[in-house]
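Presented below is the structure to which this report refers.
Just so it is clear, none of the values below were taken in a lab; they were calculated from the coordinates. Quantities reported herein were computed from a predicted structural model and do not represent experimental measurements. When we count neighbours, we look across all protein chains shown, and the Cβ atoms used for this are built from the backbone with ideal geometry, even at glycine.
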């Protein structure tokens, strides 16, 4: 019998296990992960950016957790000797008509309490000499790290606290009884007093297995990247982002210097035909059928048809992808970039076609379900874990039981 069972061994699940273990040091905790290694999906395939929180609505969980998370992540990496760098980034308006959007973004960053600097085009080129733009913003607190290494440190700390990590263990059924929840897995049953669902791309399905309706469905979007060939890495010094298009829910292609020195360019954003579909040819009929029969998807597609078509063209045409990159750095050519790994974003979508903008944590019976935790969840993982640990009902029978464990 466990006191807490956490489904999902990504960075959010592991951070949650760490935070719950600190709040309840005598509790028996297990993290259940269907893959044979932790952090195999969103955590292990993201861009490695320590985000600042500039994009998010003031007062939202994303804004709060990301702002605080950028600090706590840097502190964590410093404490545990994990390679990282607070290199900052520039967000640029490539055309004069984008300047009002850049100003709005600057004001949002100020509202979120960030350290920012307005830049002229000349000042941008002092930081990023190869960028073409009309103006920019410098965001000082953005950084880079390898989140697989962060997650591995979380694993070490969780096990040092006495927590268990069960790999290669897939949950197939959840039965909620009077005082216990029983999880059926491919390796037998696991009983727990409290369940926390951090299953990422499958979080909505796990919630429904636990008889909780998250009022949203995960729709997977694949982000495809190119990488600058080594001899062209000099074109990018830090991180370079365009002003986001307010008519499209993603940030647009950008340049990211990774902690290993490589430079990634992208991503686009296309519907993935499989929840863990990292390649164009990956298809899962159940995953695809769920998307195509979901009214919310068609409402979203109709609203963003023009941009969606552009994203699909970038997916099949290297020339179109490179043309987007040239909006930021005109010198980039098709010979300068080669394909690299893709990531899949677990984005919750409502039935009315609206994307769930914020982190979504849904309570169940002796359970909490994290049903929307895409970027910046890795940056925010320490803060999300602490928030979940505090959201466990403090007056519940669970806590009175744990006092006597």
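Results, tabulated for the structure shown:
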quantity	calculated
Nearest-ten-degree value, helix 61-79 long axis tilted from longest Cα axis of the chain	90 degrees
Difference of contour (0.36 nm per residue) and Cα-Cα distance, residue 179 to residue 351	58.6 nm
Gain upon complete extension [residue 101, residue 35; 0.36 nm per residue less C-alpha separation]	19.6 nm
Cβ-Cβ FRET estimate between residue 335 and residue 110, R0 fixed at 51 Å, reported to 0.05	0.80
Segment 282-297-segment 135-179 distance, computed between alpha-carbon centres (Å)	27 Å
Förster radius 56 Å - calculated FRET efficiency between residue 23 and residue 285 (Cβ-Cβ, nearest 0.05)	0.85
Translational D in µm²/s for segment 262-345 (Stokes-Einstein at 20 °C, 1.002 mPa s, Kirkwood Rh from C-alpha pairs)	149 µm²/s
Sum of -39500 (n - 2.57) over DSSP H runs of 4+, divided by residues of the chain (222 nm, nearest 500)	-9500 deg cm²/dmol
Where only alpha carbons of segment 337-376 are counted, the Rg and the Dmax (Å)	14.3, 50
For the chain: relative contact order, % (alpha-carbon pairs under 8 angstrom, 6 or more apart)	24 percent
Coarse-grained scattering of segment 306-372 at q = 0.13 Å⁻¹, given as base-10 log I(q)/I(0) from a Debye sum over alpha-carbon atoms	-0.61
Cα-based equivalent ellipsoid of the chain: semi-axis lengths in Å, sorted from largest, via gyration tensor	37, 23, 19
Pair residue 391, residue 140: separation of 7 Å Cα→Cβ label points (nm)	3.3 nm
Cubic angstrom per residue, convex hull over Cα atoms of segment 94-252	209 Å³
Rounded FRET efficiency, nearest 0.05, which uses the C-beta distance separating residue 87 from residue 231 and R0 of 30 Å	0.90
Potential lengthening between residue 365 and residue 208 on full extension [0.36 nm per residue; Cα-Cα distance subtracted]	55.3 nm
Cα convex hull of segment 11-123 - mean projected area over all directions, nm²	10.0 nm²
